[in-house]
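Presented below is the structure to which this report refers.
What follows draws every value from the coordinates through simple rules; no lab data is involved. Predicted model, so just to flag it, every value in this text is computed and none were measured. Positions of Cβ are backbone-derived with ideal geometry, glycine not excepted, and every protein chain shown enters the neighbour counts.
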Amino acid sequence: MNRSRKRFDVWTNISLLIFLFYIVFLALPLFTMLIKSFYNGTTGDFSLAYFVKFFSKPYYLNALFNSIKVTVCVTILAAVIATPLAYIMSTVKIKGSSTIRILILISSMSAPFIGAYSWILLLGRNGVITKFVKSVFGITMPDIYGFGGILLVLTLQMVPLIFMYVSGALKSVDQSLMEAAESMGYKGISKMRKVLLPLITPTLMAGGLLVFMRALADFGTPMLIGEGYKTVPVLIFNEFISEVGGDDGFAAAISVIVVIFATAVFLLQKFVSNRKSYTMSALNPIEPKKKSGIGSILAHIVIYLYTLLALLPQLYVIYTSFQKTSGRIFVKGYSLDSYRDAFDSIGGAIQNTFVLAISSLVIIILLAVLIAYVTVRRKNALTNTLDIFTMFPYIVPGSILGIALLITFNHKPLVISGTAIIIIVSFVIRRLPYTIRSSAAILHQINGGIEEAAISLGASQMKTFFKITLPMMLAGVVSGAILSWVTIITELSTSIILYTAKTKTVTVAIYTEVVRGNYGVAAALSTVLTVITVVSLLIFLKLSGQKEISM
Amino acid sequence: MSVTISIQDLVKKYGETTVIPELSVEIQKGEFFTLLGPSGCGKTTLLRMIAGFNSIEGGTINFNDKVINNVEPGKRNIGMVFQNYAIFPHLTVKGNIAFGLQNRKISKPEIAEKVDEILKVVQIEQYKDRMPKNLSGGQQQRVALARAIVIRPDVLLMDEPLSNLDAKLRIDMRNAIKEIQREVGITTVYVTHDQEEAMAVSDRIAVMKSGVIQHLGTPQEIYQRPANVFVATFIGRTNIIEGTLQHEHGQYSLQMGQGYQEPIANIQVPKSEMKSTLPVQISVRPEEFNIRQDQQGMKATIVHSVFLGQHTHYFVDLASGQRVEITQESQTAELLSPGQTVYLTVKPDKINVYDIKGELNYTGRVQL
């Protein structure tokens with residue numbers, strides 16, 4: 001009697017409800033997509049034709065190969081650039097280092113395709129730098145379009161992620177480990193290679209995985225700057241959206257291939273990193289020291305130069321938003337016309353973004369605290385499965401989730417395609433993990449005895465949770481929620497597939513304006529988005545009292 | 001290979017604040033030397049200056065004849081044991097111990113041989129292929145010690161190596177450390193804030209406060225003839241009672257209140273301070289009282305008693321209102337009960353008499 005009551009308390013019901021949510025809005029769509037990829041779209045028979053088509057035509061295989069090439073290169077390059085940056089920032093006192101950390105964070109928070117479009121404005125065929133170099137030095141700059149451009153934009157976008165991961169890891173390395181190595185005669189490079197690098201390798205691998213998945217899934221960048229260089233997300237989008245010859249089934253088949261590939265990489269990473277993990281906690285963390293002479297100057301130059309490079313696209317977009325336009329081209333002089341046009345023509349997008357993002361956020365916060373609670377405090381088979389479900393957005397690219405939702409919910413019994421609900425569902429599924437992670441992290445630090453104390457004093461399970469546990473979790477919840485928020489408002493790859501005229505968001509509007517060549521309006525909207533992002537991040541930093549975000 | 005460490009007028013500053021003002025000390029070859037003091041006294045700072053991790057703002061440190069002020073830590077040939085052990089979590093026990101050797105031109109078989117040898121010395125051969133996370137605190141401690149001494153350092157430096165261990169293990173480990181140190185005969189500088197630990201392991205102890213060595217001596221000297229009231233109260237337990245020192249016909253006697261007078265022999269007062277009566281502070285350790293029933297000495301009232309087996313502690317109030325602690329070997333008779341009146345005398349050959357500021361010990365050297 002006592003036992004069964006304990007097993008089926010209110011938390012079991014909550015776990016079941018959330019589980020059901022994931023079944024309907026994540027498992028079912030992915031399953032539908034899987035089924036669809038194995039059946040002929042017109043005859044309805046089981047067939048492997050889509051897969052045969054994909055693997056027999058060089059055009060498709062090429063896109064897969066391109067994706068892998070881009071992703072691997074971006075991941076390696078981002079790690080190679082970010083690690084020294086993090087090391088310098090952690091060991092050398094840099095003037096204005098806390099501001100720089102915030103700027104680096106901001107540079108990572110914009111939608112990647114905005115970076116792509118800005119780099120086109122800077123280094124493209126008619127880019128300002130291209131033209132400047134040509135007129136002054138008479139040199140034709142190398143082409144930015146294609147592989148090189150994608151690599152540039154994505155690498156700059158991803159460096160901050162690894163930077164933040166590695167910075168966090170360096171903080172957990174105890175200074176005395178470095179001193180122990182020094183006392184045994186290791187210094188400089190050999191100290192780093194033999195001690196520091198092995199210690200941060202697990203973190204580097206975790207950061208690398210995140211970058212790998214993001215680069216693999218990114219759709220906006222190759223779409224804008226790739227031109228002929230097709231990657232898989234572009235392929236899927238074209239197959240799915242294309243008005244002539246588009247084929248849901250084929251898009252589903254490619255999606256299945258991508259998800260299988262991503263899952264394989266994910267599992268491989270977990271397998272390798274599980275064997276290499278160790279827990280560290282630093283009694284005396286490594287602290288930045290004041291250096292003098294050439295070393296300090298070099299460190300400053302490297303850090304400042306990188307920060308400038310990372311912010312350049314956003315700064316330039318902001319600059320162009322104040323430029324006068326004539327039709328589609330920028331002309332001399334400054335004005336606020338772009339803003340006026342932006343608000344006149346697509347002001348609704350800003351409103352849509354807020355309505356959709358806030359609704360999603362409310363659901364995210366509610367679900368995240370409950371999921372965090374059941375996965376941390378009520379470990380059982382059900383909550384473990386739930387835990388695995390929440391990791392799926394890591395592996396499933398946004399555009400693929402968008403397609404899966406669309407092909408599942410555009411017919412009975414549940415028709416929500418074209419509504420705000422489907423977009424909110426996609427936002428919730430994709431951006432929940434940030435809030436779950438931060439909520440779970442803080443919950444791990446709260447002693448379970450406190451809840452038992454409340455229950456022993458006669459409070460109910462729910463009362464204990466809302467009056468005792470939740471208030472203590474709040475700081476963690478808020479910091480995750482702001483990350484969820486920022487990533488929702490800069491989201492493109494799912495909303496581009498799910499949006500309709502009524503649910504057009506700012507990012508979708510920017511993207512469509514860029515594609516149409518309305519750079520002025522795009523710049524104005526991007527600036528608005530940047531301001532919202534920066535303000536949100538500053539609120540986050542203020543609230544959490546932190547100088548950086550760990551993801 | 002051991003060296004003598006001579007420290008001359010050493011100064012450590014952090015910005016404008018001076019942490020160690022002009023400290024000089026000589027640590028003998030093969031000696032187990034302990035820096036003991038409360039937290040913030042500069043003991044770890046001094047150790048890290050010897051190691052080379054802290055800069056030196058003035059003075060010199062010599063290993064034998066060689067000034068090592070500007071020698072890098074890695075070139076000083078030191079072995080260091082850190083408070084949190086600083087075991088490399090990504091290397092096995094063997095990997096950790098071999099780490100320092102791999103940086104020297106030593107062949108692989110020779111390294112393996114040395115590692116095996118040291119593993120035997122610290123008695124952890126069976127864990128040689130384990131990862132550090134699978135070791136207990138005491139085992140990690142042994143790895144840290146092995147790693148430090150396997151390179152045959154000239155100097156072994158230990159920074160509160162036992163403070164993360166539980167009480168019982170700490171006692172086992174300190175005996176092990178002492179034994180291993182004696183076996184390998186390395187000049188050792190050991191930092192601790194635990195006075196019992198310091199007395200157990202050290203040949204000599206430097207008691208520090210505010211960057212200044214208050215007393216430098218053997219454990220016995222420091223306990224029995226502490227240089228000043230700070231050392232007396234920091235090392236062991238003691239009662240400080242104010243009284244007067246009287247000098248008549250070449251004889252000294254102590255007045256400790258209520259007419260209790262105790263003749264005392266081994267007193268040396270500097271000529272400049274000589275007076276017929278001198279106010280003093282008297283340090284009487286709990287075991288340096290006699291409890292008497294014959295109305296001799298100071299009158300006192302028992303407040304409560306603690307029976308600890310071998311010894312019994314009494315807390316008593318003197319007529320002046322001061323509470324003092326007394327230790328006695330336990331008797332088979334019943335304990336003295338609270339409220340009971342007793343009389344106290346002191347053991348004049350054991351107590352210490354200080355000037356009124358508590359800075360100068362008038363009592364003569366302990367007879368060894």
Given C-alpha coordinates of the stretch B:80-162, what is the ratio Rg to Rh with the Kirkwood estimate of Rh? 0.93
Taking 7 Å along the Cα-to-C-beta vector as the label spot, tell me the A:L309-B:Q251 distance in nanometres, rounded to one decimal. 9.2
Please give the length that would be gained between A:L336 and A:R378 if that part of the chain were fully extended, namely 0.36 nm times their separation in residues minus their C-alpha to C-alpha distance (nm, one decimal). 9.6 nm
Ranked by Cβ crowding within 10 angstrom, fewest neighbours first, how are B:D294, B:D172 ordered? B:D294, B:D172
Where only alpha carbons of chain A are counted, the Rg and the Dmax (Å): 24.7, 87
Counted charge near A:T487, where neighbours are those whose Cβ lies closer than 9 Å (Asp, Glu -1; Lys, Arg +1): +1
Cleavage-rule hits, trypsin sites (Lys or Arg not before Pro), the stretch A:52-161, DSSP coil, Cβ neighbours within 10 Å at most 15: A:K93, A:K95, A:R125
Using only the Cα atoms of the stretch A:223-273, what semi-axes does the equivalent ellipsoid have when each is the square root of 5 times a gyration tensor eigenvalue? Give whole Å, largest first. 27, 15, 5
Using only the alpha carbons of the stretch A:492-541, what is the convex hull's orientation-averaged projected area in square nanometres? 4.0
For the stretch B:232-355, count the residues as N, evaluate 2.2 N^0.38 Å, and divide the Cα radius of gyration by that value, please. 1.11
If I take the Cα coordinates of the stretch A:30-160 and project them onto the principal axes, what are the three extents in Å, biggest first? 66, 42, 21
At 4 °C and a viscosity of 1.567 mPa s, what translational diffusion coefficient does Stokes-Einstein give for chain B, taking Rh as the Kirkwood radius over Cα pairs? Give it in µm²/s as a whole number. 56
With the cut-off at 1.5 for a/c, could you classify the stretch B:158-197 from its C-alpha gyration tensor as rounded, prolate or oblate? oblate
Quick one: grab Rg to one decimal and Dmax as a whole number for the protein assembly as shown, Cα atoms only, in Å. 37.1, 128
Taking r as the C-beta separation of A:I455 and A:I329 and R0 as 60 Å, the FRET efficiency to the nearest 0.05 is 0.30
Can you give the FRET efficiency for A:V362 and A:F31, using 1/(1 + (r/R0)^6), R0 = 35 Å, r = Cβ-Cβ distance, to the nearest 0.05? 0.80
Report the convex hull volume per residue for the stretch A:48-320, counting only C-alpha atoms, in Å³. 167
Shape call, the stretch A:453-523: gyration tensor on alpha carbons, a/c limit 1.5: prolate
Heads up, the stretch A:209-337 by the C-alpha gyration tensor (a ≥ b ≥ c square roots of eigenvalues; a/c under 1.5 rounded, else a/b over b/c prolate, else oblate) looks oblate
Partner chain coverage, peptide B:95-105 - average Cβ within 10 angstrom: 3
Please report Rg (one decimal) and Dmax (integer) in Å for the Cα set of the stretch A:255-331. 23.3, 61
Give me log10 I(q)/I(0) at q = 0.13 Å⁻¹ for the stretch A:48-108, Debye formula, one equal scatterer per alpha-carbon, no solvent. -0.57
Sorting B:S107, B:S2, A:S493 on the 10 Å Cβ count, fewest up front, what's the list? B:S107, B:S2, A:S493
Just counting partner chain Cβ atoms within 10 Å, what average do the residues of peptide A:379-389 show around their Cβ? 0
Given labels modelled 7 Å from the Cα in the Cβ direction, how far is it in nm from B:S107 to B:T301? 8.2
Calculated FRET efficiency for the pair A:K69/A:V136, C-beta based, R₀ 30 Å, to 0.05: 0.30
Can you tell me, using C-alpha contacts under 8 Å and at least 6 residues apart, the relative contact order of chain A as a whole percent? 22
With equal scatterers on the alpha carbons only and no solvent term, can you work out the Debye log10 of I(q)/I(0) for the stretch A:325-389 at 0.12, 0.17, 0.18, 0.28 1/Å? -0.57, -0.73, -0.77, -1.08
Which of the peptides A:286-294, B:113-121 is most tightly packed, and how do the rest follow, going by the mean number of other Cβ atoms within 10 Å of each residue? B:113-121, A:286-294
Can you give the convex hull volume of the alpha carbon atoms of the stretch B:82-227 per residue, in Å³? 120
Per-peptide average of other Cβ atoms within 10 Å, ordering B:333-343, B:148-158, A:521-531, B:50-60 highest first: A:521-531, B:148-158, B:50-60, B:333-343
Per-residue average of other protein chain Cβ atoms inside 10 Å, peptide B:86-94 -> 5
Taking A:L16, A:L401 and counting other beta carbon atoms within 10 angstrom, the fewest-first order is A:L16, A:L401
Per 0.36 nm of contour for each residue apart, how much would the distance between B:R323 and B:D194 grow if the chain were fully extended, relative to their Cα-Cα spacing? 43.9 nm
